[in-house]
Amino acid sequence: MDSTRVSHNLGDPKIRQVGFFVPESSTTDSHKILSPSHLPVPEMQNSVHGQVTSRSYDPSENRNLETGIEKREDEEIEVIKSRSKPLKEKTTKAERRALQEAQRAAKAASSNVEGSKAVAGTGRAALGKSTKQSSQKKAGPSSPVAADKKAGDRPLDKDRKKDAPHPRLQFDDESRMERARRRAVVNPTESRTRVELFQHLPQYEHGTKLSSLESKFFHLDLVHPSVFEVGLRYSAGEISGGNARCIAMLRALQDAIRDYCTDHEKALVRNLTAKINSYVSFFAECRPLSMSMGNAIRFVKSRIVNLSLNYSEFEAKTTLCSDIDRFINEKIILADKVIVRHAFTKIKDGDVLLTYGLSCVVEMILLYAHELGKKFRVVVVDSQPRLEGQALLRRLVAKGLSCTYTHINAVSYIMHEVTRVLLGASAVLSNGTVYSRVGTSCVAMVAHAFRVPVLICCEAYKFHERVLLDSICSNELGDPDAIARVPGRIDVNYLDNWASEDNLRLLNLMYDATPSDYVSVIVTDYGMLPPTSVPVIVREYREHLLM
């Protein structure tokens, strides 16, 4: 070992040993290896004495260093904030309105100069959201070019209102109900025994609406006689069923259009649309409109709007009446025949078919299969208070079909014999929910529990873009006295004076919502499809449904 090298003993306080220690004898002079576990304390040369001295660890130096770093970071943040752009100042409503007027004037001037280049504005509407945002950022918040692009890409307010669905009247809104009462033709008496959960639905004393209509027959100059007659039959319950109600309404509108005369200095499109709106309001006062009736009304209005300006008044009325005839024949009558042929392929010899209530298209399917020689048995399930299944039972038995009749409370006892369930529908919604006569969901759920396929037979014009998850938000309330009585049993009179009881409320729901999980297939005039394909039909065939 070199004599000039200062040797350090193990007990030397200048050497700090951590972990395992590697002895000096195990290393050579030329290959001295410093292990991470044997680290000397940082040394410094003493300029005064020329000796190697050790420096002890001071924790305060580390704290001072951290404090300095934090101060440095704070200073950098302040510099960045000072260099950044100032935030956009908040403008008042008057300033924003003035800016919009200036932008509109600049846009109108540029459109007059460019002329044919105005078509390029539609191409800008197809750009993505990210492209618009990036262009706005580049142009700056106060740039008129970016403001013009933003105004051009945004759809007009009237277009947005036209695409949005019409809001339904909430009968628990006092201000809106007061305005509706002033415009109403029928003023029925409100029920004194209202159900709190259904305050948003109309609840009137049944029987007062019909008498109010009859007393105003000679005083309603604005209501066409055919429209008034159909409204009376709606209120009396003489017309029931989705197809029957829709056809009666369209026939009444047809008569009103034939007798229509355009007022002086008024356009036919605007004036006739206003007349149709007043008739529709009258129908809704007599009885709430079904979703299929709403689609039919939309069809009539779309045909009025699309009338050619070159038509005379007689030609326009003739065209509208022929369009209504075509809608009834194609969307209802021919559609039912197509549904019958599709559903017939699912019926086999020896089947036991269960149906609920009364559906005209299901009746047509059963009679058609029987005429073609199919051997099957029918189970008709019925429920209070309407007992519509009895009319279906009488017609099927008259045609020679083998039938079984039961009430809905016994459906679980007979479901093990059933091979298929055929049900009608008032509407099929965009999420696959089936909106039909109350009790349909119960039958479908029992069939699903017994693994029996459920076939919903519904015309495509009854498809609607709405979404329902329950039967509370949208429904129709029937006469509560109807469920307080038992037909044919005069001795059962326990609820005759139910209205005088403060703690008793009777609820007679007309419809319920069946989830798509309990539906196997929907048979329509477009074919047989699963419930998940309903939004495809609504989206792709929406224009075709209204043609």
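The values are calculated or read from the model by the stated rules, or taken from the named source; none is laboratory data. Just so it is clear, the model here is predicted, and its values are computed rather than measured. Every residue, glycine among them, receives a Cβ derived from its backbone with ideal geometry; neighbour counts consider all protein chains shown. These area figures cover heavy atoms from the full protein model, side chains too; ligands, DNA and RNA do not enter into them. Shrake-Rupley method; radii C 1.70, N 1.55, O 1.52, S 1.80 Å.
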**OP:** Would you check the accessible area of V280, probe 1.4 Å, heavy atoms only, in square angstrom rounded to 10?
**Re:** 20 Å²
Original post:
Once you list every other residue whose beta carbon is under 13 Å from the beta carbon of R505, what net charge do they have if Lys and Arg are +1 and Asp and Glu are -1?
Top reply: -2
Subject >> Violating pairs (Cα-Cα greater than 31 angstrom) within the set K317/K337; K275/K331; K266/K337; K107/K275; K331/K399 >> reply: K266/K337; K107/K275
Original post:
Mind listing the phi-derived Karplus ³J(HN,Hα) values for segment 465-470, rounded to whole Hz, using 6.51, -1.76 and 1.60 with θ = phi - 60°, and x for any glycine or proline?
Top reply: 7, 6, 10, 10, 10, 8
**OP:** Let me know the Rg and Dmax you get for segment 222-335 when you use only its Cα atoms, in Å.
**Re:** 13.8, 43
**OP:** Please give the FRET efficiency for E417 paired with E95, using the beta carbon to beta carbon distance and R0 = 51 Å, rounded to the nearest 0.05.
**Re:** 0.10
Original post:
By the gyration tensor of its Cα atoms, with a ≥ b ≥ c the square roots of the eigenvalues, what is the shape of segment 423-508: rounded for a/c under 1.5, prolate for a/b over b/c, or oblate?
Top reply: prolate
Original post:
Cα centroid distance between segment 403-473 and segment 293-328, in Å?
Top reply: 35 Å
Original post:
Near D351, within a Cβ-to-Cβ distance under 13 Å, what is the net charge of the other residues, with Lys and Arg +1 and Asp and Glu -1?
Top reply: +4
**OP:** State the percentage of accessible surface on segment 437-497 attributable to carbon and sulfur atoms; use a 1.4 Å probe and exclude ligands, DNA and RNA.
**Re:** 57 percent
Original post:
Within segment 395-547, what percent of beta bridges assigned by DSSP are antiparallel, to the nearest 5?
Top reply: 55 percent
Original post:
Over the heavy atoms of T419, what accessible area does a 1.4 Å probe trace out, to the nearest 10 Å²?
Top reply: 50 Å²
**OP:** With the full set of protein chains in place, find how many percent of the accessible area of segment 222-335 is carbon and sulfur; take the probe as 1.4 Å.
**Re:** 54 percent
Original post:
Which value, in Å², gives the accessible area per residue of segment 218-327 when a 1.4 Å probe is used on the protein heavy atoms?
Top reply: 48 Å²
Original post:
Relative contact order of segment 222-335: what whole-number percent is it, with Cα pairs under 8 angstrom and at least 6 residues apart?
Top reply: 34 percent
Subject >> Average accessible area per residue (Å²) across segment 341-437 - probe 1.4 Å, nucleic acids and ligands excluded >> reply: 42 Å²
